[in-house]
Amino acid sequence: MHYRRLVDSISEGVSVVTLDGIVASLSPAFDSLIGWPASQLIGKHIQALIHPADLRLPLNACSV
């Protein structure tokens, strides 16, 4: 509950991605950052959301 309150109150985008690369949750700030409802991204694989040239960094971070 404290984590959710903190994430909901900051202006930066915060994402939670499962170990297998599925977007589990996004902070409300994502709506204004990306220009469409963040709820449309929940459940999608991170590879579907990031340009292929930029994929290496997030995928490496997921495997830490």
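The values are calculated or read from the model by the stated rules, or taken from the named source; none is laboratory data. These numbers come from a predicted model, not from an experiment. Note that each Cβ is placed from the backbone with ideal geometry, even for glycine, and that neighbours are counted across all protein chains shown.
When we screen Leu33, Leu19, Leu55 for residues that are modelled with pLDDT under 80, more than 11 Å from the chain's Cα centre (by Cα) and not polar (S, T, N, Q), the only hit is Leu55. If I ask for residues that are in contact with a Cys (Cβ under 7 Å, 6 or more places away or on another chain) and surrounded by 14 or more Cβ atoms within 10 Å (Cβ to Cβ), which ones from region 3-42 would you list? Selection gives Val17, Gly21.
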